[in-house]
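Following: one structure in structure tokens, then a few remarks.
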There are 2 protein chains.
Amino acid sequence: MSIKGNIIIGQSGGPTAVINSSLAGAIDAAKDAGVKKIYGMHYGIEGFLNEDIIDLRKHVKNSQDVSLLKRTPSAFLGSCRYKLPKIEGNEEVYEKIFSILEKYDIQYFLYNGGNDSMDTVKMLSDYAAAHGKTQRFMGIPKTIDNDLPVTDHCPGYGSAAKYIATSLKEIIADNDSYGPYRTSAVIVEIMGRHAGWLTAAAALANNSPDLIYLPEVDFDPDDFVKRVGELAKEKNSIVIAVSEGIKLADGRFVCELSGGSDRLDGFGHKQLSGVGAFLASLITEKTGVKARSIEFSTLQRCASHVVSRTDVDEAYNAGYLAAQKAFEGNTGEMITIKVESRRPYLVSYDSFDIHQVANVERKVPLEWIINDGTYVSDEFIEYARPLIMGQIEPYYSAGVPQHISLSKEGKE
Amino acid sequence: MSIKGNIIIGQSGGPTAVINSSLAGAIDAAKDAGVKKIYGMHYGIEGFLNEDIIDLRKHVKNSQDVSLLKRTPSAFLGSCRYKLPKIEGNEEVYEKIFSILEKYDIQYFLYNGGNDSMDTVKMLSDYAAAHGKTQRFMGIPKTIDNDLPVTDHCPGYGSAAKYIATSLKEIIADNDSYGPYRTSAVIVEIMGRHAGWLTAAAALANNSPDLIYLPEVDFDPDDFVKRVGELAKEKNSIVIAVSEGIKLADGRFVCELSGGSDRLDGFGHKQLSGVGAFLASLITEKTGVKARSIEFSTLQRCASHVVSRTDVDEAYNAGYLAAQKAFEGNTGEMITIKVESRRPYLVSYDSFDIHQVANVERKVPLEWIINDGTYVSDEFIEYARPLIMGQIEPYYSAGVPQHISLSKEGKE
């Protein structure tokens, strides 16, 4: 393995609690391989196009910084939601990217993100192949949604799932406070646009919610009301987990019934929210049971005070291996995790053709969704439990977790 | 000090992350004093009136159970939102309570709650005094709202404040992800009906929100929009903390403008919510800045995975001392915390006439609210910082925190 130039690493899409662990892994790999310049894209490919580039050796200096990086939420480098245009007709964008790469003698390009970000890796590696460019492009998987294909699961998911399971366990205990003297229902609205992985994680709470609704299965409001009514006859505390993305049989999002927002995000996807509040008022109206909703919102992806050790380690390894594979000559691939054994939990890593990864969404298998679409099976629990195991405690200072952030120095 | 009978402990009102630490303290005090029977009210005074009584020696057997109790959210005994009727004209309620006390030979009655619950202690001790009853009634302060008078602060507040500061720090980092490429505002809606203590805790996040609005000061929507517009010229990430209870100059809650709920809670207080969502849409409408809202909701009071060690210890001590003072003959009092020194942080405990505590709300001093009602001063930070110091890490099992709950056995 001979290193031929410098490396650059970018973060893209919505951050996760472990996106910076992948960055830490990539930096360590580059240091271990003796790469001279380790660059970071300030705000992903969007910042890169403006030549906003960071010298990471000046920001992540030692193992103490790496430890803090693993405990820091959000994207340390800054992120973007920017999709490269198709190559044909937009050659100037690609020429610009490659001219910047050449200017900084960057031979290794790592990009950490979800489906849309893997598309960036694909386009750049396609362009390089078509134009005889020597740079290597590798993708590091990252998404709390866990919807990337091929890999068993995605870094970022385990920590989000741990946050959801932990918080739900607390909410379920809390909602039970008044016992037989007050019946109350709580709808917990969980992220996941089209895939129910995050919402399914509600089942990991142990004391478990009563009903779990994923977007993979059509949602029937009448059946929902009937089930809640029946539950209210048996018990006083009802807790229900719903995905923000649940849909009616006619294809509309349930949150559209509620007058929920129909704004688009930066990638042009519909922004979903409001389904929890809508279902809570539906329950009260139709059954008389007092109901309210809780949205975990951004905390699902940024609560770095409760991360999964397994997830942090895997994110770090994925970052490290992406760099290592790039040094070995691989390009146009994404790092994947293969679970060799779930008990004991043993994994191996590989890399996979990015063309079969980019823009493909992997959903929860329908056979894992049980009880007429109102719960998840033991197969899901067996799948997900190892991913939330272990903790990394924050370093506290002044009573709150310490984070690391970019200093003013060290900008190129 | 001679023990003359049994003890009973009740939990009342909305739980906090440390209400069970006070219970643990009271149980330990009773065990240390050699009290024969240590009873718990199952669902507070409401359950007690139905003679729903728990033998706590069967549920909290050893120091391991005590350790778990300190890490368990919600009310271990079950809580209630039940206000005793006034004595005159309702003598039968009081006769019933005292007949149950006599039946179980209960001489010591401890009640852990906020303003409304301290009223219960007051009524019972008044009735006892008027009727020559020998039982002692002591209050243990508990409220995330921190609005009880006399005591420097209330057990429950420190942990809620730590949760708020920690989560806000993460949200602020997350909202900054896209830097100059996307301006976005987040409104974080925080509990606190009439007192701004919880919302003020946003200032403990260190990276700090841009604006903080407490219910102590009139809210001016036009000034708010103007300030956000000005912030949007200077920076891309705007984070604002608002109390659910902020009011217009005419006395209406801001959330009423939004069509927010006007349901009443069990004590007859208006349930507030929706102000965050309302202000987010106001920002987008008036300034064009993309805005969304996050509500911490119940997690503020039940997130026992991130508690303040200081708070846990003080809650435990307050429970312990309430029992000890009752054994010594005190009655009709609430335990109070006096801060002898803030640096280093040193406290002492006392007890205070419940008549001057019950139903009185303590607010954030107006001189601590600065910048025309949009921030809190360093005096607040000096006041609150020691209260969020230290951690008690959960015991994890299967990747989620372990809790203790009432088993089926041990019910009287």
Within the range B:353-412, the residues that are more than 14 Å from every other protein chain (Cβ to nearest Cβ), more than 20 Å from B:Ile19 (Cβ to Cβ) and in contact with a Ser or Thr (Cβ under 7 Å, 6 or more places away or on another chain) are B:Trp368, B:Ile370
For the range B:81-105, pairs from a residue that is within 14 Å of another protein chain (Cβ to nearest Cβ) to a residue that is assigned to a helix (DSSP H, G or I) and buried (at least 16 other Cβ atoms within 10 Å of the Cβ), with Cβ under 6 Å and 6 or more apart or across chains, are B:Tyr82/B:Ile45; B:Tyr82/B:Glu46; B:Lys83/B:Asp116
Is at least one residue of the range A:121-142 touching a Cys at 6+ places or on another chain (Cβ under 7 Å), within 28 Å of A:Lys338 (Cα to Cα), within 14 Å of another protein chain (Cβ to nearest Cβ) and assigned to a loop (DSSP other than H, G, I, E, B)? yes
Tell me yes or no: at least one residue of the range A:64-71 is surrounded by fewer than 24 Cβ atoms within 10 Å (Cβ to Cβ), within 19 Å of A:Asn317 (Cα to Cα) and within 12 Å of another protein chain (Cβ to nearest Cβ). yes
Here is a list of conditions, (1) within 14 Å of B:Val242 (Cβ to Cβ); (2) in a helix (DSSP H, G or I), and B:Ile172 meets all of them except one; can you say which number that is? (1)
Residues of the range B:153-178 being aromatic (Phe, Trp, Tyr), within 13 Å of B:Val306 (Cα to Cα) and within 11 Å of chain A (Cβ to nearest Cβ), which ones? B:Tyr163
Within the range B:299-314, which residues are more than 17 Å from B:Ser67 (Cβ to Cβ), at the interface with another protein chain (Cβ under 10 Å from one of its Cβ atoms) and of a type in the set (S, T, N, Q)? B:Thr310
Residues satisfying the stated conditions in the range B:381-410, i.e. among the small types (Gly, Ala, Ser), farther than 18 Å from B:Thr166 by Cβ and assigned to a loop (DSSP other than H, G, I, E, B): B:Ala398, B:Gly399, B:Ser405, B:Ser407, B:Gly410
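Every residue, every condition in (1) at pLDDT 95 or above; (2) within 20 Å of the chain's Cα centre (by Cα); (3) assigned to a helix (DSSP H, G or I), yes or no:
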position	(1), (2), (3)
B:Val306	yes, yes, no
B:Val312	yes, yes, yes
B:Ala323	yes, no, yes
B:Thr336	yes, yes, no
B:Ser351	yes, yes, no
B:Glu379	yes, no, yes
Consider the range B:173-228. How many of its residues are acidic (Asp, Glu) and crowded, with 23+ Cβ neighbours inside 10 Å? 3
Do we find that B:Tyr181 is within 7 Å of chain A (Cβ to nearest Cβ) and either more than 17 Å from A:Gln402 (Cα to Cα) or not aliphatic (A, V, I, L, M) (or both) in this structure? yes
Take the residues of the range B:21-53 that are assigned to a helix (DSSP H, G or I) and facing chain A (nearest Cβ under 10 Å): which is nearest to the chain's Cα centre (by Cα)? B:Gly44
Going by what's in this entry, would A:Val18 be described as over 22 Å from A:Thr336 (Cα atoms), in contact (Cβ under 8 Å) with a residue 60 or more places away in the chain and touching a Phe, Trp or Tyr at 6+ places or on another chain (Cβ under 9 Å)? no
Please tell me if B:Phe109 is buried (at least 23 other Cβ atoms within 10 Å of the Cβ) and more than 27 Å from A:Ala205 (Cα to Cα). yes
Number of positions in the range A:199-258 that are touching a helix residue (DSSP H, G or I) at 6+ places or on another chain (Cβ under 7 Å), at pLDDT 95 or above, farther than 23 Å from A:Tyr181 by Cβ and among the polar types (S, T, N, Q): 1
Is it fair to say A:Tyr163 is touching a residue at least 12 places away in the same chain (Cβ under 8 Å), among the aromatic types (Phe, Trp, Tyr), closer than 18 Å to A:Glu314 by Cβ and outside any helix (DSSP H, G or I)? no
Among A:Ser184, A:Ser167, A:Ser208, which is in contact with a strand residue (DSSP E or B) (Cβ under 7 Å, 6 or more places away or on another chain) and either more than 22 Å from A:Asp145 (Cβ to Cβ) or of a type in the set (S, T, N, Q) (or both)? A:Ser184
Every listed condition ((1) within 14 Å of another protein chain (Cβ to nearest Cβ); (2) within 24 Å of the chain's Cα centre (by Cα); (3) more than 27 Å from A:Val35 (Cβ to Cβ); (4) outside any helix (DSSP H, G or I)) holds for A:Val150 save (1)
For the range B:101-120, name all the residues that are under 26 Å from B:Ala33 (Cα atoms), in a helix (DSSP H, G or I) and not small (Gly, Ala, Ser). B:Leu101, B:Glu102, B:Lys103, B:Met118, B:Thr120
Are any residues in the range B:56-73 under 26 Å from the mean Cα position of the chain (by Cα) and among the charged types (D, E, K, R), and if so, which ones? B:Asp65, B:Lys70, B:Arg71
Based on what the data block shows, is B:Pro149 closer than 13 Å to B:Ser22 by Cβ and either of a type outside the set (Lys, Arg) or surrounded by fewer than 24 Cβ atoms within 10 Å (Cβ to Cβ) (or both)? no
Looking at the range A:328-347, is at least one residue within 14 Å of chain B (Cβ to nearest Cβ) and aromatic (Phe, Trp, Tyr)? yes
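The values are calculated or read from the model by the stated rules, or taken from the named source; none is laboratory data. Remember, it's a predicted structure, so these values are computed and weren't measured experimentally. Don't worry about glycine lacking a Cβ; one is built from the backbone with ideal geometry, like all the others, and counts go over all protein chains shown.
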